[in-house]
Structures are given as structure tokens and as C-alpha cells.
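Inspection log for the structure reproduced underneath, given as C-alpha cells.
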Amino acid sequence: EQRARYDRGEIDASGAERPEQQFYRHYAEGDRGARYHSSAGYEDFGDASDLFADLFRRRHGGESVPIRGHDASYHLEVAFLDAVRGAKRRITMPDGTVLDLAIPAGARTGTRLRLKGKGAAGFNGGPPGDALVELSVAPDPVFRRDGDDIEVELPISIDEAVLGGRIEVPTVSGRVTMKVPPGSSSGDVLRLKGKGVAAPGRPAGNQHVVLKVVMPDRIDDELKEFMEGWRGRHGYDPRRKKAGKP
């Protein structure tokens, strides 16, 4: 029996009962002992706030000790652009309280926001805990984030790829005009400096624009005849160039 009690941590090597074990045994044997039945699960546990308040009163000589409430955790999904640019979201807490939550610019999935005093109520006049809101950023159909940089795939026409030109490009802060150089190919990457994520306390990231040459929906006779004539005169083969052949 002594060995079993030692293995359970109830007594020390000398056989003396540990102080914390004495505390809980005395509580279970006291006038509120009927509320605490560890062997029977928690169906007779009673009111948790009463139990904790009574435990702390007994531990401190009958004096009511203020106890801080525990923190409450929540999850919130936010739009991609709200996370990048910062925004305010109106949320309703479980107790019905409506709050305006400030989402900081540059927030990402896993960012945790603390709402002071919005957690569980305290005991014996103790302060309430905090609410911890963990963000989950929804994907965006246009933008992709890599650190503080933003990436966009931008379709361009054949004539824009061959001749170059100025085109409009979406960014997280609005549309801007960008120059496409003549002779551009699919996969070429153009950089818009400072058009990425602008989070407080660090330099703004960049936006990388990945070009994608898109054919017309219909190849008309004029384009077909031009390309046939051009191919006959030039014989350009990008695969030979890729392989390093003359």
C-alpha cells in the first residue's frame, strides 16, 4: 500500500504525506466533500465557481481571494485584403456583446489578437480573463502572398507580348499602370516596388507580376496567314534555343 501511494505521488520517500495531497484530502473530508467525487466522474461535481472559490478560501485561512478568470480562445476567418491592408470587423461575443475588432495590416493565418477583459468572469471579485482571437486568412482568387511580397499572374495578348505596351495591373492598394517590355514571354516576372504588404514597423514588400501570354479566342484568317508567312521566313524554334543548339 505504501509503495502504491508513493507511485501515485501521494507520499514522499520518507512516507510523509505530501502537502498538496493533505490539502485535497482535507477538502474532500470537509463539509463540501459531497461535491467532489473523482471516482464517479463529474456528475456530482457541483458548481465549478463555488468549488474553486471554496478551495481558495480554505487554502488562505477562510479569506476570500480574488481569482482572475481564464482566457477564452476563438477563431475568426478574415478576407485576404482585410488581412493585408488592415480592417475593422464587427464581432459578437458569446455573451451577446458586440465589439469592433481591429485587424492589423499585415496579419496572417495564426495571428492572435488579445481582447483584454473579454474572457471568462473572475471569482470573488477577481478580474475577467482575456479573449484570444486567432485569425485564419481566406485565399484570394487574384493575389498570392509570400512573406511581405504579393504575386499576381497577369494575362497579356500576343500583340502586347510582341510590341510591348502599358497595361493596368491590380495591386492590394488599387490598380496601377505598368509597362510591358517588347518581346515578353509567358513566365517573365515584372516587379512593382513597394506594392506588397505594408505592415507597421517594417518596409513594404513588392508585388511580382508573372506574365502569361494568352491566345485569342478565335484565330482569324488574317492572323493565320501572317503567322504562316512569318514562319516561312524566319523558322524560329524556341526549343532549339532552350537546348542551346545554334
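Testing Arg59 on (1) more than 30 Å from Val152 (Cβ to Cβ); (2) modelled with pLDDT of 90 or more; (3) not small (Gly, Ala, Ser), one condition comes back false. Which one is that?
Every condition holds for Arg59 apart from (2).
Filter segment 86-99 for residues that are out of contact with any Gly (no Cβ under 9 Å at 6 or more places or on another chain) and either among the hydrophobic types (A, V, I, L, M, F, W, C) or surrounded by 13 or more Cβ atoms within 10 Å (Cβ to Cβ) (or both) and give the result. Show your work before the answer.
Step one: filter segment 86-99 for residues out of contact with any Gly (no Cβ under 9 Å at 6 or more places or on another chain), giving 87-99.
Scanning segment 86-99 gives Ala87, Arg89, Ile91, Met93, Val98, Leu99.
Which of the strands (runs of 3 or more DSSP E) found entirely inside segment 151-246 contain at least 2 residues meeting this: of a type outside the set (A, V, I, L, M, F, W, C), free of Cβ contacts under 8 Å to residues at least 60 places away in the same chain and not assigned by TED's automatic domain parsing to the domain that holds Asp82? Can you show your working first?
Details: elements: 165-171, 174-180, 189-192, 207-213.
Passing ranges, in order: 165-171, 174-180, 207-213.
Inspect segment 151-174 for any residue being at positive phi, exposed (fewer than 14 other Cβ atoms within 10 Å of the Cβ) and not polar (S, T, N, Q) and give the result as yes or no.
Keep residues of segment 151-174 that are at positive phi, which gives 164-165, 174.
Okay, now just the ones that are also exposed (fewer than 14 other Cβ atoms within 10 Å of the Cβ), so 174.
This time we only want the ones that are not polar (S, T, N, Q), so: 174.
Looking through segment 151-174, at least one residue is at positive phi, exposed (fewer than 14 other Cβ atoms within 10 Å of the Cβ) and not polar (S, T, N, Q).
Is there any pair linking a residue in segment 67-81 that is touching a residue at least 40 places away in the same chain (Cβ under 8 Å) to one that is surrounded by 15 or more Cβ atoms within 10 Å (Cβ to Cβ) and part of a helix (DSSP H, G or I), with Cβ under 8 Å and at least six apart or on different chains, and which?
Going by the 8 Å Cβ cut-off, the qualifying pairs are Ile67/Ala53; Ile67/Phe56.
Could you give every pair whose Cβ atoms fall below 8 Å, whose first residue belongs to segment 91-112 and is under 21 Å from Lys195 (Cα atoms), and whose second residue is among the hydroxyl-bearing types (Ser, Thr, Tyr), counting only separations of at least 6 or pairs across chains?
The qualifying pairs are Pro104/Thr111; Thr109/Ser136.
With the condition kept exactly as written, say whether any residue in segment 135-145 is closer than 30 Å to Val210 by Cα and polar (S, T, N, Q). Give the derivation first.
Filtering segment 135-145 for residues closer than 30 Å to Val210 by Cα gives 135-145.
Still in the running and polar (S, T, N, Q): 136.
Yes: segment 135-145 contains one or more residues that are closer than 30 Å to Val210 by Cα and polar (S, T, N, Q).
Return the residue satisfying two criteria in turn: it lies in segment 124-146 and is in a loop (DSSP other than H, G, I, E, B) and at pLDDT below 95, and of such residues it is farthest from Pro66 (Cα to Cα). Spell out how you get there, then give the answer.
First, the residues of segment 124-146 that are in a loop (DSSP other than H, G, I, E, B): 124-130, 138-142.
Within this subset, residues satisfying the condition of being at pLDDT below 95 are 124-130.
Details: Asn124: 5, Gly125: 5, Gly126: 4, Pro127: 8, Pro128: 10, Gly129: 12, Asp130: 16 Å.
Looking at residues that are in a loop (DSSP other than H, G, I, E, B) and at pLDDT below 95, I get Asp130.
The values are calculated or read from the model by the stated rules, or taken from the named source; none is laboratory data. Being a predicted model, the structure only gives us computed values, none of them experimental. So basically every Cβ, Gly included, is an ideal-geometry build from the backbone, and we count neighbours across all protein chains shown.
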